[in-house]
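Student: Dropping a structure here in structure tokens format, bear with me for questions.
The values are calculated or read from the model by the stated rules, or taken from the named source; none is laboratory data. These figures come from a predicted structure and were not determined experimentally. Cβ coordinates were reconstructed from backbone atoms using ideal geometry, including for glycine residues, and neighbour counts include every protein chain displayed.
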Amino acid sequence: MKNMLDHLKSHLKGKVVVLGIGNTLRSDDGAGSILVSRLKQRSPFLIFDSGPSPENYLGKIIREKPDTIVIIDAADFGGKPGEFTLIEGESVKTTNLFSTHNASISLTTNYLQSNLKVDIIILVIQPESIIFGDTVSLEVERTIEKLENFFNGQATKKEG
């Protein structure tokens, strides 16, 4: 995990937008939205919580003209619950993940890349469950907390 966070940190340059995607009514599927809602107060980055509809935020993101966009979402990539991975570069265009908003992720990244010269990273968290309910699994909650500490650590370094 440390190597992956170091790799993510290397992309957090210039003007950074963090876009959380998730449906908080579907257990772990809300991970992206939950994480960005916790980051809003301390983050040096521009934070958007799109809920399950990232397409509604494309115009706002394009107007900001970011250098880097980090998209955070829960999706099944075959990992263990709470595990996360990064998707970047050309893989962003061809990503084929099982997510309740799979089409939205592909459409979102393709649209952003066609309108901006931007580095896009997708941080994908493996859910344990996406059944209806507002309780996040213990494994995903731990990952959200670790990522919250990571992003808040970036805020501390930029402020100090």
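Student: Give the residue that is surrounded by the fewest Cβ atoms within 10 Å (Cβ to Cβ), with candidates limited to residues of segment 30-56 that are under 24 Å from N149 (Cβ atoms) and polar (S, T, N, Q).
Tutor: Selected residue: Q41.
Student: Still on this structure, I have one more. Which one is nearest to G14 (Cα to Cα), of the residues in segment 125-160 that are among the charged types (D, E, K, R) and modelled with pLDDT under 90?
Tutor: Going through the qualifying residues, I end up with K158.
Student: Of the numbered conditions (1) without any contact (Cβ under 8 Å) to a residue 40 or more places away in the chain; (2) buried (at least 22 other Cβ atoms within 10 Å of the Cβ); (3) not charged (D, E, K, R), G59 satisfies every one except a single condition; which is it?
Tutor: Looking at each condition in turn, G59 falls short on (2).
Student: Of the residues that make up segment 15-36, is at least one in a loop (DSSP other than H, G, I, E, B) and at pLDDT 95 or above?
Tutor: Yes - at least one qualifying residue is present in segment 15-36.
Student: Kindly indicate whether E83 is modelled with pLDDT under 95 and acidic (D, E).
Tutor: Spelling it out, it is not the case that E83 is modelled with pLDDT under 95 and acidic (D, E).
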